[in-house]
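Contents: one structure, followed by commentary.
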Amino acid sequence: MKFGVVVFPGSCDDVDAQLACARVADVVPLWHADHDLQSVDAVVIPGGFSYGDYLRAGAIARFAPIMTEVIDFARAGGHVMGICNGFQVCCEAGLLPGALLTNTNLRFVCRQVSLELVNPDTAFTRSLDPGARLSIPVKHTTGRYYAPDAELDRLEAAGQVVLRYAPGDNPNGSLRDIAGVINEQGNVFGLMPHPEHAVDPLTGSSDGLGLFGSLRESLSGSSGPVLVGIAKSGWSVAERGGRGGRGGVAEPREPDDGDASATRQRPHPTSDLPYRARPVV
Amino acid sequence: MHARVLVRPKAGILDPQGAAAERALSQLGFAGVSEVRIGRLIELEVVDPATLPEMCERLLANPLIEEYEILHAAS
C-alpha cells in the first residue's frame with residue numbers, strides 16, 4: 001500500500017502529510033513537475049501556498065504537470081485527499097464542487113477547531129465513530145466554503161458534506177459550516193482542517209489519524225482495521241508487522257543536552273517509519 | 001494587442017474586502033457610500049484576442065464565484 005503526497009513549490013505541509021501517511025502506509029513524494037504517480041494507491045494534495053497562490057488559491061497549481069495524472073487518477077476512481085490548499089486545488093480542478101473564498105473576517109486563522117462527522121460512511125471516514133467530534137487544527141486565510149444554495153442543498157441531500165465545524169466554531173464563514181466535502185463518486189475528499197497536524201497526542205490531538213487510517217482500510221479491502229482507537233485519546237497503529245526490508249530507517253535522535261533528556265527517552269514516534277523526515281535542527 | 005480583463009466577485013457573494021473598505025470610507029467621513037465590491041484588473045498583451053474568453057474561463061476567473069469582463073480588446 002503506497003500513498004503519494006504531491007509537492008508543489010510553495011507546499012508547506014507536505015512533510016507532515018507524508019509523516020501522517022507513513023503511519024498507515026508507505027509513502028512517496030510526488031514532484032509537481034513530474035508526470036508520474038509512481039503507482040501509488042492514493043494521492044494526498046497537501047496544504048501550503050502552491051505556486052504562491054497567485055491569482056487565486058490553487059488556480060495555477062491546478063495546471064501543474066503532475067495534476068494531469070492526478071486528475072486522470074481521480075476520474076478513474078483513484079482516491080484523492082485534498083487538505084487545505086489541496087482542497088482549493090481540487091475545487092479549482094473541478095474534482096470537487098464549490099470554491100474557497102477569503103475568510104469573512106479577512107484574517108489568517110490558526111487554531112484547533114471542533115468538527116462534526118456528518119458522513120461516517122465514506123472511504124475517508126469509515127473507521128471513525130459515527131457522531132464523533134474531531135479536534136483538528138485549521139490554519140488558513142482562504143477557507144470560506146462557498147457553493148450556490150441549490151448546490152449546497154444537493155450536496156447535503158447526497159451525503160457529500162462530510163465534515164462540519166461544530167456549532168459556534170466556524171472559523172472562516174463557510175456556508176452551512178461546511179469543513180469538508182466529498183465528490184459524488186466518493187473518491188475525492190477535500191477539507192480545510194489539517195488532519196496531518198493531528199496524528200499524535202504529543203501535539204494535542206490524534207483525531208486526524210483516523211482519516212488516513214480510514215483511507216488505508218478502504219483500500220485494503222477486507223484485511224481488517226489498520227488503526228485501533230485507544231480510549232478517547234485517539235489512534236495508534238495496530239499492525240506494524242510484515243513491513244520489513246526497508247532501508248534508511250532513521251535512528252532516534254540523541255538528546256543534545258542532559259536537562260532535556262528525560263523528556264526524550266521515548267523514541268520519536270516516527271523514527272521507525274520508512275519516510276526519512278528532513279533533518280531536525 | 002492590449003487587453004484588460006476585469007474580474008469581480010459575483011453578485012450575492014459576500015465580499016469582506018469590499019465591506020472593510022466601505023467601513024473605512026465611512027470612518028473617513030465619506031457619507032453615502034455603499035455596495036463596495038473589490039475585484040481584480042488584469043492587463044495583458046495578446047496576439048489573438050479571440051482566445052481571451054477561454055483564458056478567462058479556464059484560468060483568469062473562476063466562473064463559479066467570479067464574473068469577468070473583457071475591455072479594450074480592440075487595438
Name, by its number, the condition in (1) at pLDDT 95 or above; (2) open to solvent by 70 Å² or more (accessible area, probe 1.4 Å); (3) within 15 Å of the chain's Cα centre (by Cα); (4) more than 13 Å from chain A (Cβ to nearest Cβ) that does not hold for B:Val36. (2)
Please go through segment A:146-163 and give me each residue that is touching a Leu at 6+ places or on another chain (Cβ under 7 Å) and open to solvent by 10 Å² or more (accessible area, probe 1.4 Å), ordered by number. A:Tyr146
Pairing a residue in segment A:115-143 that is within 30 Å of B:Pro16 (Cα to Cα) and without any contact (Cβ under 8 Å) to a residue 40 or more places away in the chain with any residue that is small (Gly, Ala, Ser) and assigned to a strand (DSSP E or B), where Cβ atoms lie under 7 Å and the two sit 6 or more apart in sequence or on different chains, gives A:Arg133/A:Ser114
Assess whether B:Ala24 counts as being touching a Pro at 6+ places or on another chain (Cβ under 9 Å) and open to solvent by less than 80 Å² (accessible area, probe 1.4 Å). no
Segment B:39-54, residues that are open to solvent by less than 80 Å² (accessible area, probe 1.4 Å), within 14 Å of another protein chain (Cβ to nearest Cβ) and free of Cβ contacts under 8 Å to residues at least 40 places away in the same chain: B:Gly39, B:Arg40, B:Ile42
Say whether the condition of being within 14 Å of chain B (Cβ to nearest Cβ) and out of contact with any Leu (no Cβ under 8 Å at 6 or more places or on another chain) is met by at least one residue in segment A:83-91. yes
Let me confirm something: among A:Ile71, A:Ile66, which residue is modelled with pLDDT of 95 or more, more than 16 Å from the chain's Cα centre (by Cα) and open to solvent by 10 Å² or more (accessible area, probe 1.4 Å)? A:Ile71
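Right, A:Leu95: surrounded by 21 or more Cβ atoms within 10 Å (Cβ to Cβ), within 17 Å of the chain's Cα centre (by Cα) and within 14 Å of chain B (Cβ to nearest Cβ) or not?
On the way: surrounded by 21 or more Cβ atoms within 10 Å (Cβ to Cβ): yes; within 17 Å of the chain's Cα centre (by Cα): yes; within 14 Å of chain B (Cβ to nearest Cβ): yes.
For A:Leu95, the condition - surrounded by 21 or more Cβ atoms within 10 Å (Cβ to Cβ), within 17 Å of the chain's Cα centre (by Cα) and within 14 Å of chain B (Cβ to nearest Cβ) - is met.
Right, A:Arg133: away from chain B (no Cβ under 14 Å), surrounded by fewer than 17 Cβ atoms within 10 Å (Cβ to Cβ) and farther than 30 Å from A:Leu219 by Cα or not?
On the way: away from chain B (no Cβ under 14 Å): yes; surrounded by fewer than 17 Cβ atoms within 10 Å (Cβ to Cβ): yes; farther than 30 Å from A:Leu219 by Cα: no.
When the stated conditions are applied, A:Arg133 does not pass them.
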Going through segment A:20-61 in order, the residues found to be within 20 Å of A:Gly78 (Cα to Cα), surrounded by fewer than 24 Cβ atoms within 10 Å (Cβ to Cβ), touching a helix residue (DSSP H, G or I) at 6+ places or on another chain (Cβ under 9 Å) and of a type outside the set (A, V, I, L, M) are A:Pro29, A:Trp31, A:His32, A:Asp34, A:His35, A:Asp36, A:Asp41
Can you name the number of the only condition in (1) in a loop (DSSP other than H, G, I, E, B); (2) of a type in the set (A, V, I, L, M); (3) farther than 29 Å from B:Ala61 by Cα that A:Leu106 fails? (3)
Taking segment A:182-199, which residues are assigned to a loop (DSSP other than H, G, I, E, B) and in contact with a Ser or Thr (Cβ under 8 Å, 6 or more places away or on another chain)? A:Gly186, A:Met192, A:Ala198, A:Val199
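Looking at segment B:5-20, can you tell me whether even one residue there is more than 15 Å from the chain's Cα centre (by Cα) and within 18 Å of A:Asn103 (Cα to Cα)?
Checked against the condition, which is being more than 15 Å from the chain's Cα centre (by Cα) and within 18 Å of A:Asn103 (Cα to Cα), segment B:5-20 yields at least one hit.
What residue, among those in segment B:1-17 that are within 11 Å of another protein chain (Cβ to nearest Cβ) and either touching a residue at least 60 places away in the same chain (Cβ under 8 Å) or surrounded by 13 or more Cβ atoms within 10 Å (Cβ to Cβ) (or both), is nearest to B:Glu45 (Cα to Cα)? Explain how you work it out, then say what you get.
From segment B:1-17, those within 11 Å of another protein chain (Cβ to nearest Cβ) are B:7, B:9-10, B:12-17; that's our starting set.
Remaining after also requiring either touching a residue at least 60 places away in the same chain (Cβ under 8 Å) or surrounded by 13 or more Cβ atoms within 10 Å (Cβ to Cβ) (or both): B:7, B:9-10, B:13-17.
Numbers: B:Val7: 17, B:Pro9: 24, B:Lys10: 26, B:Ile13: 30, B:Leu14: 32, B:Asp15: 29, B:Pro16: 31, B:Gln17: 28 Å.
Going through the qualifying residues, I end up with B:Val7.
The values are calculated or read from the model by the stated rules, or taken from the named source; none is laboratory data. Everything numeric here is computed off the predicted structure, so don't read it as measured data. Glycine also receives a Cβ, built like all others from the backbone with ideal geometry; neighbour counts cover every protein chain displayed. To get the accessible areas, we keep the full protein, side chains included, count just its heavy atoms, and leave off ligands, DNA and RNA. Shrake-Rupley method; radii C 1.70, N 1.55, O 1.52, S 1.80 Å.
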